[in-house]
Amino acid sequence: MNYFYTLTEHEKFLMTFTQLAPFLQEYIYHQGWTELRPAQIEACEVIFTTNQHLLVAAGTAAGKTEAAFLPVITKLYESPPQTIGVIYISPIKALINNQFDRLNDLLKYADIQVCAWHGDTNQSHKQNLLKNPQGILQITPESLESLLINKYAQIPKLFNDLQFVIIDEIHAFMGTQRGSQILCQLARLEKFIPHSLRRIGLSATLGDYAQAEEWLRSGSNLPVTTTKVATTSRRIQLALEYFSIPETNPEDSHNLAHYQYIFQQTQARKSLIFTNNRTQAENVISNLRKIALKQDSPDVYHVHHGSISPGLRQAAETAMQDPQSLAVTAATVSLEMGIDIGQLDQVIQLESPSSVASFLQRLGRSGRRGEPSKMQFICTEPELLGEEHFPVQIPWLLLQTIAIMQLYLEEGWIEPIAPLQYPLSLLYQQILSIVAATGEITPHNLAQTIFNMAPFYRITTEELRQFLHYLISLDHLQKAENNSLILGLTGEKIVRSFQFYGVFTEQVTYDVYHDGVAIGKVSIAPSLGGKLILAGKAWEVVEINPKTKVITVKSITGNGTVNWRGGSINIHTQVFQKMRQILQEDISYRYLQPKAIARLTTARNLFKTMQGDETTIFHLEKNIYTIFPWLGTRGYHTLIKILQILKEGRVDIKKITGTQPYFLIVKLGKNSPIEQLITELITFCRSGITAEDLVTSDEEPQKLNKYDRFIPSNLLRKAYAHDYLDLAAVIDYSNVLAQELGDR
């Protein structure tokens, strides 16, 4: 006989409901909620019955914010802290602003204050918190860094009774210098707190819960519990169309077929168009506006990214949230996070998303309130003229888009996030930050503080000693008479800049104004009289102030240039393996539209003709070959490093080019057969080589992060080898080549 009784969902709801603070019960009653989400019930159980950290890993619109705050606010009510009780860390200011409104709604029946603290926050609000620290502090990592430096003496008064740190969208932090910065900040805060600080991580797109748990508890002795919520089937409507883009006059770009298609698809539909960079966002809205003007349609178009002024970003969010109005907004990652933008009719993705995780984040923007998630993909490539080499005839972005979707749809796979091994740019910032905060510190105490920070677990005592001596030689640090360390004059100048608080590289920018109203920023200064696109509109430059870096513009019709420098993305090897599989198979995908089907069919036939299922190296002409390594971005760069080493003596390689990270083109000497290159590559990979061996001591180290220019060359080369190369992937590829060589 079974004596165990399983609670019904309603009984679980009632049990949890009765544990919540009375004003939260009142809020739930007035909202008409008859149940709590599974993630919310699980989170309450962890917070109320254990002293563990909590990872809330649940899908989009699963109520993660309330899962964290319902039990945490109840704890604040039951044991009111004498200082700030909760820190909420967000990757972007817009998410803080959005959550600020949600939290104040949740707390309207309570006497718990919420303070949003970032670069756009009114100074009076910050001063009020400093005078009377309590409640919930919402903050970015950069603003928290500023607090730790500039309010160091007040840290005990501000945070002595801190109970919880909530980190939103932790997938955006893991494996990055910025995420490691948060872990350092927590280690510095915990020195002032006489009890264990509990951490809560929130995410909708995690591929490996164990990795996320490991990151969340880094530097802490407490275990992590993950909400074990059964996934429910999600209704998804996907479509993918392809367009071949002919060369055209920029003034006529709005006549291109893909812009016309997007215009038709967004008619009478509230739509969010995701792009992979600011340039694409500006161009698509600029062209949609032109089409709308030509057809006498209303201007319902907005742009949302980090270089748009806060006022215009807020206007875009408000328009999207308004259920009575039509709005179409093009955005980058700025709207990929959990900002509430109301009920969307659809999401459109221009070109391939950068990852499976990004695809899921963007897909999750639609399909709220029981509706299916609708997402359309638009893939383009320059029109082929029939004279291109084989690798150029492959529709790489189309394949990448299909691969990313299929990896999730078939396997539920999401990219694992590898931790940084040597975050040296962050180490530089934390050294100066600690010295600036304390005024002066002994080398022993500084080392103790550094080694207590989880991100620096691989740094040796000797490496830290070398680093400190190097910073002293640069005058970033100085030795005081008592042998303590203080900031040098050069170091003081760096720390005084507000840009010091962030670990991501910031470009020099120019503020753009029209009639005294801020429009946004550009990173490449246009010439006087030049035309630019910003906020999806065309402007002419009428004045440039190089001192204040302010550009004044007037509105014009027509076209302009986009003035930002591009970045880079890291694509996982698994995506490329799936791309190859898609080319080899004859499987059809229901979401493909007619032109996409035709383009994929053409590519598959070409791949079969070239025997792509049998080899990864193809003869183009004479002594020129193309390599399809099917490696991720890191593996691709590692393969190039190895080929460059072979070029120095083992193989007569005349030239290495290609389109990263898709294919390489290698030109060999007349007397160097391709078999020699393959054999030498295999031999090299089997020689017991290490990643550090690939970066020679006389090589100028890559400076990829913000403070890399202040790092000793030998350490920088070591960091590059461990964090930016993937030797294991190339060794795997060499084994594939060995098999291919045997088949030749």
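Laboratory data are not the source of any read-out in this text; all were calculated from the coordinates shown. Since we're looking at a predicted model, the values are computed, not measured. Please note: Cβ atoms are built from the backbone with ideal geometry, for glycine as well, and neighbour counts cover all protein chains shown.
Label sites at Leu293 and Asp345, each approximated as a point 7 angstrom past Cα along Cα to Cβ, lie 2.4 nm apart. Using a simple spin-label model with points 7 Å from Cα along the Cα→Cβ vector, what separation in nm is obtained for Thr690 and His444? Result for the modelled spin labels: 3.2 nm.
Partner aspartates and glutamates whose Cα lies under 19 Å from the Cα of Lys191, excluding those fewer than 8 positions away in the same chain, are identified as Glu145, Asp161, Glu440.
From most to least packed by mean Cβ count within 10 Å, the peptides 164-174, 612-622, 308-318, 242-252 give 164-174, 308-318, 612-622, 242-252.
Of the cross-linked pairs Lys151/Lys547; Lys126/Lys521; Lys12/Lys228, those separated by over 22 Å at the C-alpha level are Lys151/Lys547; Lys126/Lys521. Membrane-span-like helices of the chain, defined as complete DSSP H segments with a Cα extent of 15 Å or more along the helix axis and a mean Kyte hydropathy of at least 0.0, are identified as 38-49, 64-78, 396-411, 424-438, 633-647, 674-685, 727-743.
Please report, in cubic angstrom per residue, the volume enclosed by the convex hull of the alpha-carbon atoms of the stretch 1-120.
On the way: hull volume 16.7 nm³, N = 120.
So the per-residue hull volume is 139 Å³.
In percent, rounded to a whole number, the relative contact order of the chain is 12, using alpha-carbon pairs under 8 Å and six or more apart.
For the pairs Lys622/Lys654; Lys608/Lys670; Lys641/Lys703; Lys667/Lys703, flag any whose C-alpha to C-alpha distance is greater than 18 Å. Write out the running numbers ahead of the final one.
Working: Lys622/Lys654 13 Å; Lys608/Lys670 29 Å; Lys641/Lys703 16 Å; Lys667/Lys703 28 Å.
Beyond 18 Å: Lys608/Lys670; Lys667/Lys703.
Each label point was placed 7 Å from the Cα along the Cα-to-Cβ direction; for Lys547 and Asp105 their separation is 4.7 nm.
Taking only Cα atoms of the stretch 614-743, what ratio of Rg to Rh do you get with Rh as the Kirkwood inverse-distance radius?
0.98
With a Förster radius of 56 Å applied to the beta-carbon distance between Gln466 and Asn132, the computed FRET efficiency rounds to 0.80. Sorted into 10 angstrom bins from 0, the C-alpha pair distances of the chain split as 2, 12, 21, 24, 22, 13, 4, 1, 0 percent.
Over the stretch 169-259, all Cα pairs binned in 10 Å intervals from 0 give whole-percent P(r) values of 12, 30, 18, 14, 15, 10, 2, listed from short to long. Electrostatic bookkeeping for Glu540 treats Lys and Arg as +1 and Asp and Glu as -1; over the other residues with beta carbon under 9 Å from its beta carbon, the sum is +2. Quick one: check the C-alpha center-to-center distance for the stretch 632-698 versus the stretch 594-630, whole angstrom. If we compute the Cα centre of each part, the gap is 21 Å. The stretch between Gln321 and Ala480, if pulled fully straight at 0.36 nm per residue, gains 51.6 nm over its current Cα-Cα span. When you count the other C-beta atoms within 10 angstrom of each residue and take the mean per peptide, 539-549, 710-720 line up highest first as 710-720, 539-549. Here Ile245 and Asp613 are evaluated by their C-beta separation; at R0 = 25 Å the FRET efficiency comes out at 0.25.
R0 = 41 Å: FRET efficiency of Lys493 with Ile569, Cβ-based, nearest 0.05? If you can, show how the numbers build up before the last one.
Values: r = 33 Å, r/R0 = 0.81.
In this case the efficiency is close to 0.80.
If you rank Leu256, Leu144 by fewest surrounding Cβ atoms within 10 Å, what's the result? List each step's numbers first, then the result.
Details: Leu256 16, Leu144 23.
The order, fewest Cβ neighbours first, is Leu256, Leu144.
Evaluated at q = 0.15 Å⁻¹, the base-10 log of the normalised Debye intensity for the stretch 9-226, with identical point scatterers placed on the Cα atoms, takes the values -0.97. Of interest is the spacing of the C-alpha centroids, which for the stretch 79-151 and the stretch 526-551 amounts to 35 Å.
What shape does the stretch 236-411 take by its C-alpha gyration tensor, where a ≥ b ≥ c are the square roots of the eigenvalues and a/c under 1.5 counts as rounded, a/b above b/c as prolate, and the rest as oblate? Judged from the Cα gyration tensor, the stretch 236-411 comes out oblate (a/c at least 1.5, b/c at or above a/b).
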